[in-house]
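Below: the structure, in structure tokens.
The values are calculated or read from the model by the stated rules, or taken from the named source; none is laboratory data. Since we're looking at a predicted model, the values are computed, not measured. When we count neighbours, we look across all protein chains shown, and the Cβ atoms used for this are built from the backbone with ideal geometry, even at glycine. For the accessible areas, the whole protein counts, side chains as well, though only heavy atoms, and no ligand, DNA or RNA atoms are used. Shrake-Rupley method; radii C 1.70, N 1.55, O 1.52, S 1.80 Å.
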Protein chains: 2
Amino acid sequence: MAISEAEAVIMDVLWREAPRTAEDILAEVGPAQNWQEGTVKSLLNRLLRKKAVHAERDGRRYLYAPLLTREQYVQQESKGLLDRLFGGRVAPLVAHFSEQRKLSKKDIAELRKLLKELDDEQP
Amino acid sequence: MAISEAEAVIMDVLWREAPRTAEDILAEVGPAQNWQEGTVKSLLNRLLRKKAVHAERDGRRYLYAPLLTREQYVQQESKGLLDRLFGGRVAPLVAHFSEQRKLSKKDIAELRKLLKELDDEQP
DNA sequence: TAATGATGTTTACATGCGTAAATGCTCGCG
DNA sequence: CGCGAGCATTTACGCATGTAAACATCATTA
């Protein structure tokens, strides 16, 4: 089962720092997201069921930590999109953003650097 | 309201060629997707409600054509992912695929070409 | 010890999605 | 003219999601 968008918000908090209590998570995510305590608890439980996080008892509360890594998640998500929209190839995706003028100077510079590194890697 | 994945399959058919009848669409998509007639009709109706396609009567049947363009759709989808996963910036995304060794020779060549074109464009 | 507060667990409910069956409408044929 | 074939529209149903209220549990304190 896939991680939903709301669930991913919780994961994000845990990826930034873990383990964390539900209270911590609520504090960090509640205001921005306008979520109540119950909402966060529910999401945590669904993530537990999906084996995406692990909970360890710590006295009266639980400490939650991610099981699914951010890398894994990003991998799944971006591969899905890439396959669906760009035939699984990266260049067309970048071309798309390029056409939309969505490449910043910084992006371009970094891309250039990246390509150079690839050059050096396998001469 | 967003276009769902199943709906996007229908859009894909219409983007390839339009206008088309429901029958055409079923013929093209049914076998691969294992969808019945009713399924395609439902999806078409949801797309109508979402104003993503337009239907024009043609005798006893309808001809369906996309209103939402593929460009618009790709734009929405990829921007969503980019924002959620890579802080809205393209370079980190490419770096991600690079780390995963998901850049083909061809990708690299095309990226290089793309960057060169950007160079020439604004000297 | 009984009430209170802190936590977690269960249940709920509206909405959207995937999938399709049931129903409705209309045109041409017998 | 009434009927069936061909389409479209409505309704259905189970499951995921977003959001949260209700309920359960247990330690602490009055």
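What's the local net charge at A:A27, with K and R +1, D and E -1, over the other residues with C-beta under 11 Å away? Can you show the working numbers first?
Details: positive: A:R20; negative: A:E23, A:D24, A:E28, A:E37.
Every neighbour counted, the sum reads -3.
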- request: Hey, can you grab everything whose amide H is under 5 Å from the amide H of A:H54? Only 5+ residues off in sequence or another chain; H modelled, so Pro and N-termini drop out.
  value: A:A65, A:L67
- line: at B:T39 the sorted inter-copy label distances (label 7 Å from Cα on Cβ side), in nanometres, are 3.4
statement: Over the protein assembly as shown, the sum of -39500 (n - 2.57) across DSSP H runs of at least four, divided by residue number and rounded to 500 deg cm²/dmol, gives at 222 nm -21000 deg cm²/dmol
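Could you tell me which trypsin sites (Lys or Arg not before Pro) in segment B:85-120 are loop residues by DSSP with no more than 10 other beta carbons within 10 angstrom of their beta carbon? Don't skip to the answer; put the middle values down first.
Details: sites: B:R89, B:R101, B:K102, B:K105, B:K106, B:R112, B:K113, B:K116; in loops: B:R89, B:R101, B:K102.
Here the trypsin sites (Lys or Arg not before Pro) that fit, given the DSSP loop and packing criteria, are B:R101.
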message: List, shortest first and in nm to one decimal, how far the label point of A:E117 (7 Å from Cα along Cα→Cβ) is from its counterparts in the other copies.
response: 2.5
Interface area, B with A, accessible, probe 1.4 Å, both sides summed, Å² nearest 100: 3800 Å²
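Roll a 1.4 angstrom probe over the protein heavy atoms and tell me the percent of accessible area of chain B that is carbon or sulfur.
On the way: 3570 of 7420 Å².
Exposed carbon and sulfur together represent 48 percent of the surface.
For Cα pairs less than 8 Å apart in space and 6+ apart in sequence, what is the mean separation divided by the residue count of chain B, i.e. the relative contact order in percent?
Working: 88 pairs, mean separation 23.8, N = 123.
Computed value for chain B: 19 percent relative contact order.
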- prompt: So which of A:K106/B:K106; A:K113/B:K116; A:K102/B:K113; A:K51/B:K79; A:K50/A:K102 end up more than 25 Å apart, counting from Cα to Cα?
  reply: A:K51/B:K79; A:K50/A:K102
field: Loop-located trypsin sites (Lys or Arg not before Pro) in segment A:54-86 whose Cβ has at most 16 other Cβ within 10 Å (DSSP)
entry: A:R60
message: Taking θ = phi - 60°, what integer Hz values does the Karplus form 6.51 cos²θ - 1.76 cosθ + 1.60 yield along segment A:102-112, in sequence order, with x for Gly and Pro?
response: 9, 9, 7, 3, 4, 4, 4, 4, 5, 5, 4
field: Rounded to 10°, Cα long-axis angle of helix B:70-86 versus longest principal axis of chain B
entry: 50 degrees
